[in-house]
Amino acid sequence: MTDEGIKVTLKEIFKSTVPFKDSHEADSLFFNCCDFRFRKQSQEFLGDRLMDPFVFPGGIMLFVGGKHGHADLKDGTLYWTKAMVKLHHVKEIKLVIHKDCGAYKAAPALAGKSPEEMYNIQMRDIKEVKEMLSKEIPEVTVTAYYMDLARETGEVTYNEISFE
Ligand SMILES: [Zn+2]
């Protein structure tokens with residue numbers, strides 16, 4: 001069978017002002033939730049760091065979704081995480097969970113959980129993912145964060161989590 005190709009037309013709709021740089025280096029992989037409420041604040045937190053973002057409902061839900069009744073993407077996510085670490089010489093993986101996460105609230109297996117129960121589930125999840133990644137990819141540092149959202153002031157804080 002021959003590959004006959006596919007006929008397409010390309011119409012340029014955007015041209016960047018930032019020049020293309022032929023580099024394959026990233027400082028970190030960043031797993032965060034896709035919640036729009038803190039997109040800009042997360043960008044502010046990251047600054048100019050070169051990072052590969054995995055922005056997805058629940059962030060670490062990519063690893064733990066299966067046990068909460070969401071799609072089980074753990075093997076595929078671990079596969080690409082390892083690939084990215086190798087290809088981009090990544091030194092750190094940042095994992096973020098946040099208060100009032102819709103991906104947790106919508107998890108079929110977590111229906112009816114109180115905010116306190118949900119907080120504990122999220123903390124156990126991020127600990128589990130941190131330990132799993134540290135074991136699977138020992139050459140990287142894995143850092144866990146809890147993002148707090150203050151409705152009254154609109155402030156978003158990043159809090160590094162230490163496990164005892
Ligand atoms: Zn969320």
Query raised in the report: How large is the charge dipole for the range 81-134, taken about the Cα centre, if only the Cβ atoms of Lys, Arg (+1) and Asp, Glu (-1) carry charge, to the nearest 20 debye?
Result: 260 debye
Report summary line: For LYS82, counting only lysines whose alpha-carbon sits under 16 Å away and dropping same-chain residues fewer than eight positions off, the answer is LYS74, LYS91, LYS94, LYS130, LYS135
Query raised in the report: If you place +1 on the Cβ of every Lys and Arg, -1 on the Cβ of every Asp and Glu, and leave all else neutral, what size is the dipole of the range 20-68 about its Cα centre, to the nearest 20 Debye?
Result: 300 debye
Report task. Calculate the dipole size of the range 28-160 relative to its Cα centre from +1 charges on Lys and Arg beta carbons and -1 charges on Asp and Glu beta carbons; express the result in debye to the nearest 20. Result -> 220 debye
Requested in this report: Please give every one of the lysines within straight-line cross-link reach of LYS15, meaning a C-alpha to C-alpha distance under 27 Å, and leave out same-chain neighbours fewer than 8 residues apart.
Outcome: LYS7, LYS40
Query raised in the report: Can you list the aspartates and glutamates whose alpha carbon is less than 19 Å from that of LYS99, not counting same-chain residues fewer than 8 positions off?
Result: ASP35, GLU44, GLU116, GLU117, ASP125, GLU128, ASP148, GLU152, GLU155, GLU160
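With a 10 Å Cβ neighbour count serving as the proxy for reagent exposure, in which order, fewest first, do LYS11, LYS67, LYS94 appear?
The most exposed by this proxy come first: LYS11, LYS67, LYS94.
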Query - Ranked by how many other beta carbons lie within 10 Å on average, peptides 3-9, 121-127 from highest - result: 121-127, 3-9
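Using a 10 Å cut-off on Cβ atoms, rank the peptides 141-154, 29-42 from the highest mean neighbour count down.
29-42, 141-154
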Requested in this report: Please work out whether the range 22-69 counts as rounded, prolate or oblate from its C-alpha gyration tensor, where a ≥ b ≥ c are the square roots of the eigenvalues and a/c under 1.5 means rounded, while otherwise a/b larger than b/c means prolate and anything else oblate?
Outcome: oblate
**Report entry** Global geometry of the range 28-160, whether rounded, prolate or oblate, following the gyration tensor of its Cα atoms and the 1.5 cut on a/c
**Finding:** oblate
Query - Packing-based ranking, highest mean first, of 69-75, 95-101, 129-135, 14-20 given that Cβ atoms within 10 Å are counted - result: 95-101, 129-135, 69-75, 14-20
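Read-outs: derived from the displayed coordinates by stated rules, not from any lab. The structure displayed is predicted, hence computed values, not measured ones. Note that each Cβ is placed from the backbone with ideal geometry, even for glycine, and that neighbours are counted across all protein chains shown.
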